[in-house]
């Protein structure tokens, strides 16, 4: 049976696909961490607003209000920064996903070629075996007719 000539290329494609899978998984993790950070910042902002509302009902000083307002502004600033990072990471994650899809498609093309090659080789081998068996059968028939 002849060796599949593109076997090395197939192995390279398989390794590339694994690398792209790993890279994509890492991007998903980074995006998830950023999502978690956004959730924490949002919760902190809501808690700050609740604390300010409670302070307004129970009496507060201007210093308390200024401190809470400054804290709220810092939270909003950090939230904006994390949202910008999240947008960049989502774009990067989409690129990684496209790379993974492309690598998977390229690997699949080579796998299909290998399967076709193996099928042709099996058919060729079967034809050769059939030819040999027919030849043996024909020789056996001639031998019996001569006897």
(message) If I take every Cα pair under 8 Å that is 6 or more residues apart in the chain, average their sequence separation and divide by the length, what percent do I get for the relative contact order?
(response) 46 percent
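Counting each DSSP H run of 4 or more residues in the chain as -39500 (n - 2.57), what helix-only mean residue ellipticity at 222 nm follows after dividing by all residues, to the nearest 500 deg cm²/dmol?
-35500 deg cm²/dmol
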(request) Go ahead and collect, in residue order, the members of the stretch 82-99 whose backbone nitrogen is under 15 Å from a label point 7 Å along the Cα-Cβ direction of residue 28. (result) 90, 93-99
(message) Can you tell me the orientation of helix 7-58 relative to the chain, as the angle in degrees between its alpha-carbon axis and the longest Cα principal axis, to the nearest 10?
(response) 20 degrees
(request) Compute the separation of the alpha-carbon centres of the stretch 39-80 and the stretch 1-19 and state it in Å as a whole number. (result) 58 Å
(request) Mind pulling the angle between the C-alpha long axis of helix 62-146 and the longest principal axis of the chain? Nearest 10 degrees, somewhere in 0 to 90. (result) 10 degrees
(request) Sticking to Cα atoms, compute the Rg of the stretch 56-147 to one decimal and its Dmax as the biggest Cα-Cα distance, whole number, in Å. (result) 38.5, 124
(request) State the extension gain, in nm to one decimal, for the chain segment bounded by residue 5 and residue 85, taking 0.36 nm per residue of separation less the distance between their alpha-carbons. (result) 24.3 nm
(message) Using Stokes-Einstein with the Kirkwood hydrodynamic radius over Cα pairs, what translational diffusion coefficient do you get for the stretch 7-113 at 10 °C and a viscosity of 1.306 mPa s, in µm²/s rounded to a whole number?
(response) 93 µm²/s
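Read-outs throughout are calculated quantities, based only on the coordinates presented, and are distinct from any laboratory measurement. Owing to the predicted nature of the structure, the values given are computational and were not obtained by experimental measurement. Virtual Cβ from ideal backbone geometry, glycine too; neighbours counted across all protein chains shown.
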